1. Under 37 °C and 0.692 mPa s, how fast does the stretch 53-109 diffuse according to Stokes-Einstein, given a Kirkwood radius computed over C-alpha pairs? Answer in µm²/s, whole number.
2. Report, in degrees rounded to the nearest 10, the 0 to 90 angle that the Cα long axis of helix 373-386 makes with the longest principal axis of the chain.
3. Specify the angular offset, from 0 to 90 degrees and rounded to the nearest 10, of the alpha carbon long axis of helix 172-190 from the longest principal axis of the alpha carbons in the chain.
4. Mind checking the alpha-carbon convex hull of the chain and giving the volume per residue in Å³?
5. Would you mind calculating the gained length between Asp103 and Asp220 on full extension (0.36 nm times residue separation, minus the Cα-Cα distance), in nm to one decimal?
6. Take the Cβ-Cβ distance between Lys243 and Gln157 as r, set R0 to 45 Å, and report the resulting FRET efficiency rounded to the nearest 0.05.
7. Let a ≥ b ≥ c be the square roots of the eigenvalues of the Cα gyration tensor of the stretch 96-221; is it rounded (a/c under 1.5), or, if not, prolate (a/b larger than b/c) or oblate?
8. Pull up the cross-link candidates among the lysines for Lys362, meaning alpha carbon to alpha carbon under 24 Å and not fewer than 8 places away within one chain.
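Readers should treat all values here as calculations from the given coordinates under stated rules, not as data from a laboratory. Since the structure is predicted, the reported quantities are computational estimates derived from the model, not experimental observations. For neighbour counting, all protein chains shown are included, and Cβ atoms are generated from backbone atoms with ideal geometry for every residue, glycine included.
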Amino acid sequence: MKLHEYQAKELLRNYDTHVSRGIVAFSPEEAVKAFRELGCPRAVLKAQILAGGRGKAGGIKEINSPEEARTSAKRLLGSRLVTAQTTPEGEEVRAVLIQEAIDIQKEMYISFWVDRGGATPLLMGCPEGGVEIEVVARRSPEQIFREPFDILFGLHQFQARRMASALGLDGPLVREAVSLFRNLSRAFIENDLSLLEINPLAVSRDGALSIIDAKVDLDDNATFRHPEITAGKCPSEETLEAKASALGLSYIGLDGDIGCLVNGAGLAMATMDIIRHHGGRPANFLDVGGDASAEKVTQAFKILFEDTRLRAVLVNIFGGIVKCDMIAEAIISALKDTKLKVPLVVRLEGTNAHIARKMLAKSGLKVVFTEGMEEAAKRVLEATKQNTHF
């Protein structure tokens with residue numbers, strides 16, 4: 001679960017961190033009020049979307065008056081911001097953050113994440129902040145510093161001091177950074193975060209540390225332990241993952257163009273593997289479960305077709321607990337009000353598979369039936385070549 005910037009900063013304020021002052025607004029009038037409440041001569045208005053690269057896309061504006069706050073908020077709110085990390089359609093902006101402008105002397109990067117190879121949480125830092133860390137890592141890998149730490153004991157003081165030194169800090173800033181890093185490590189562990197990224201962490205002109213931007217991802221498997229976080233969701237764009245989760249479906253968006261609807265996690269992974277093996281790119285992992293109802297499968301199809309990148313869809317069902325004719329009924333129901341715009345390849349095996357094929361054949365839908373998984377993968381790849389857009 002990703003948090004918006006303003007939500008991430010609200011979380012971090014509970015841990016005595018150096019978060020820059022800011023107020024969220026959901027309308028131009030609220031933006032004006034927020035600017036006045038901050039009481040500073042300059043502020044920054046930042047679009048709140050669940051993607052990076054906002055500055056380059058025009059989603060971050062400096063404002064110097066209440067009227068500029070109103071104008072910038074009016075322009076951004078309701079618009080769709082397209083960045084390097086969004087789909088071509090972009091993300092709708094439903095909130096903006098009015099943040100105090102800070103004169104920055106130095107920018108750095110730090111993040112906490114889980115090192116799966118080392119099976120440990122990790123603090124990573126770079127003395128160069130405000131830019132894409134992937135670019136720095138490729139260009140100057142020696143500028144990336146890592147401190148793995150124990151999840152039970154947390155980040156030790158000597159580790160925080162070593163990172164502060166690696167970032168080029170000295171004097172009073174080292175003590176300030178040590179306290180900050182250890183508090184952030186507590187926030188990371190206690191809230192079951194999978195990512196906590198500060199970019200940039202800035203040294204202001206008056207010699208103080210300040211968190212300018214924050215990115216937080218909460219482990220989806222731990223959301224039930226943090227109702228105070230999940231209850232504070234922004235009335236913002238709802239991801240397909242979030243919609244699927246609310247319906248009890250397992251959905252993970254990928255970067256391909258072949259939609260997959262499968263019952264059973266193992267079969268779903270095998271389906272994606274065989275698509276990749278034949279040169280295709282799955283658009284998603286979507287497991288409706290071994291005991292899915294017709295309504296659940298219908299909702300799964302509707303979520304699937306919200307992805308406008310799709311050029312073909314592969315339905316791969318093994319009828320055990322779930323009967324194939326029920327799947328066919330759900331497919332027909334889901335597509336009743338939605339015009340099928342992409343080729344649909346279906347593999348149905350198991351209980352009532354022959355009945356399901358007859359139902360789909362009589363439905364009037366253009367369906368390509370296949371037998372084995374190998375054939376299914378080949379046919380769906382052929383379909384993508386014949387269909388260039390949604």
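1. 257
2. Its long axis makes an angle of about 70 degrees.
3. Result, in degrees: 30.
4. Dividing the Cα hull volume of the chain by its residue count gives 156 Å³.
5. 38.5 nm
6. Once rounded, the FRET efficiency stands at 0.55.
7. Values: a/c = 1.39, a/b = 1.30, b/c = 1.07.
Rounded is the answer for the stretch 96-221, as its axis ratio a/c remains below 1.5.
8. Within the straight-line limit of under 24 Å, Lys362 reaches these lysines: Lys296, Lys302, Lys323, Lys336, Lys339, Lys341.
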